[in-house]
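Engineer: Below is one structure. I have some questions about it.
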Amino acid sequence: MIGSNNSVVISSVIASFTRQNEDLVKSLLQLQYYFRGALQRDDVWGMSHVERELAIDFVNSRFKEAGELMKKQIPVFL
């Protein structure tokens, strides 16, 4: 792609990399926030893709459980 010397394709690829990088940073910051300091910056950045996905699934399931408990007026602490 980049070897094609097509400036439109090159700009598109670089823009795509930039968006993906921004999405990754946002995801990592969210994990740090939701784990309330249990994971430090280096810990989160050192996670593999699979580990990040598992952590995100855990957080999402915890929110779902907490939402169901709050509907029943059971106090929860996320």
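FYI, it's all coordinate maths here, none of it is from the lab. On a predicted model such as this, the values are computed, not experimentally measured, just so you know. So basically every Cβ, Gly included, is an ideal-geometry build from the backbone, and we count neighbours across all protein chains shown.
Engineer: With +1 assigned to the C-beta of every Lys and Arg and -1 to the C-beta of every Asp and Glu, and no other charges, what is the dipole magnitude of the chain about the Cα centre in debye, to the nearest 20?
Structural biologist: On the way: 9 positive and 9 negative charges, 61 e Å.
Dipole size: approximately 300 debye.
Engineer: Once the Cα atoms of helix 49-71 and of the chain are each reduced to a long axis, what angle between those two axes, in degrees from 0 to 90 to the nearest 10, is obtained?
Structural biologist: 40 degrees
Engineer: Output the 0 to 90 degree angle, nearest 10, between the alpha-carbon long axis of helix 7-34 and the longest principal axis computed from the alpha carbons of the chain.
Structural biologist: 20 degrees
Engineer: Right, here's the next one. Averaging over all projection directions, find the projected area of the Cα convex hull of the chain and quote it in nm² with one decimal place. Walk me through the numbers before you get to the answer.
Structural biologist: Details: hull surface 28.6 nm².
The directionally averaged projection comes out at 7.2 nm².
Engineer: Out of PHE63, LEU29, VAL50, whose Cα points farthest toward the positive end of the dipole of the chain (charges: +1 Lys, Arg; -1 Asp, Glu; placed on Cβ)?
Structural biologist: So the residue furthest toward the plus end is PHE63.
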